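Colleague: Below you will find the structure I want to go over with you.
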Amino acid sequence: MTAFDSVEEAGKALAAQGYLTDDRLATMVFLMTRLEKPVLLEGPAGVGKTELAKSLAAATGRRLLRLQCYEGQDEASALYEWDYGKQLLYTQILREKIGQLVADAPDLHDAVDRIGAQESVFFSERFLAARPLLEAVRAEEPVVLLIDEIDRADEALEAVLLEMLGEYQISVPEIGTFTARNRPYVILTSNNTRDLAAALKRRCLHLFLDYPSAERELDIVRSKDTGLPEALAHQLVEIVRGLRELELRKSPSISETIDWARTLAVLGVDELTAPVLSDTVSVVVKYDKDVRKALAALPRLVDPNAEVPETLHGHGHGHGHTHEAPKVSADRGSRSFGRRS
């Protein structure tokens, strides 16, 4: 597939891969494929930015190339490297030929000149090890290029990306400029840990991707066949949204909501109670202080009228399983791990 014919077609193609979009995101994907411009997706971790690139590759039948960014990353890991091991091997194999080349050289200077005249042989495409950016440009078939978590990389890497994002080309000083035969679909993601350069943003379409609405998240949970009954899935989504309103180091992602739903389904839970959710909250909350905040909030999130014991707030230990479970209501205090009948 070269491009989508409409916004609706883009949304349906992604939905067929299990990725549900709203009109705003479907419009951005449609424009990316028609305008052949990179898209920069910014937003909190866990809202589906990376998954969009995977789903787009599957929907269009394109191969996915991924550049995972990290602090201290150099341009060689993003663009290309020279295969020095291969160059050395060829030098050893061609030792006799090189000897013949300089055998009748009158002096050392002339011998060096003769060898130097042949150095382009060892700095050719044969010895070029392409990394994701160059691989995307040289690809025989069109690809989807994911530049993931660009905000983790240093600003120097952003400068390296500009030529690629603006002209879909990469310059290799020893060889020349490679220009994409088939322009890749390029998706950059950022978790907003730092501001990105204006020059990079100018070259991209831009979309801030936030957590979905409750209705959309429930649709996503439904689409994943978690095994959790509809009523419990609806309640769970609301509880997760409540957890995201807390000042957590890391808010629960959409994928973690799905994992929690599957966890509860495997346990055979037929009612969401504070004790049950407290025993499984680590599925969605991964840091000690966040766990304590979540444990304190769960009774209220399950039942706004629940009486929350003072001992639940700000207790000093990190796991919260040794204290007596809070009473949520007259009929909700028991754990329900038995299989549904």
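Colleague: Report the trypsin sites (Lys or Arg not before Pro) located in the stretch 1-57 that are in a DSSP loop and have at most 15 other Cβ atoms inside 10 Å of their Cβ, or state none.
Modeller: Working: sites: K12, R24, R34, K49, K54; in loops: none.
Qualifying residues, ordered by number: none.
Colleague: Something else about it: Where does the Debye-calculated log10 I(q)/I(0) of the stretch 177-262 sit at q = 0.12, 0.14, 0.21 Å⁻¹, using only Cα point scatterers of equal weight, no solvent?
Modeller: One equal scatterer on each Cα of the stretch 177-262 leads to -0.55, -0.67, -1.00.
Colleague: Quick one: which residues, 5+ away or cross-chain, put their amide H under 5 Å from the amide H of I147? H built at 1.01 Å from N.
Modeller: Under 5 Å from the amide H of I147 lie the amide H atoms of L67, I187, L188, T189, each far enough along the sequence or on another chain.
Colleague: Mean projection of the alpha-carbon convex hull of the stretch 142-288 over all orientations, in nm²? Write down the numbers at each step before the final one.
Modeller: Details: hull surface 48.5 nm².
That works out to 12.1 nm².
Colleague: Mind ranking 13-23, 289-299 by how tightly packed they are, going by the mean number of other C-beta atoms within 10 angstrom, highest first? Can you show the working numbers first?
Modeller: On the way: 13-23: 16.8, 289-299: 21.0.
The packing order, highest mean first, is 289-299, 13-23.
Colleague: Now for a different question. Of the listed pairs K12/K289; K54/K293; K54/K286; K201/K224; K224/K289; K37/K289, which have alpha-carbon separations greater than 32 Å here?
Modeller: K12/K289; K54/K293; K201/K224; K37/K289
Colleague: Using protein chains only and a probe of 1.4 angstrom, how many square angstrom of E81 are accessible, to the nearest 10?
Modeller: 70
The values are calculated or read from the model by the stated rules, or taken from the named source; none is laboratory data. Just so you know, these numbers come straight off a predicted model, no measurement behind them. Ideal geometry is used to build each Cβ from the backbone, glycine not excepted, and the neighbour counts take in all protein chains shown. Heads up: the accessible areas ignore ligands, DNA and RNA and are worked out on the full protein's heavy atoms, side chains in. Shrake-Rupley method; radii C 1.70, N 1.55, O 1.52, S 1.80 Å.
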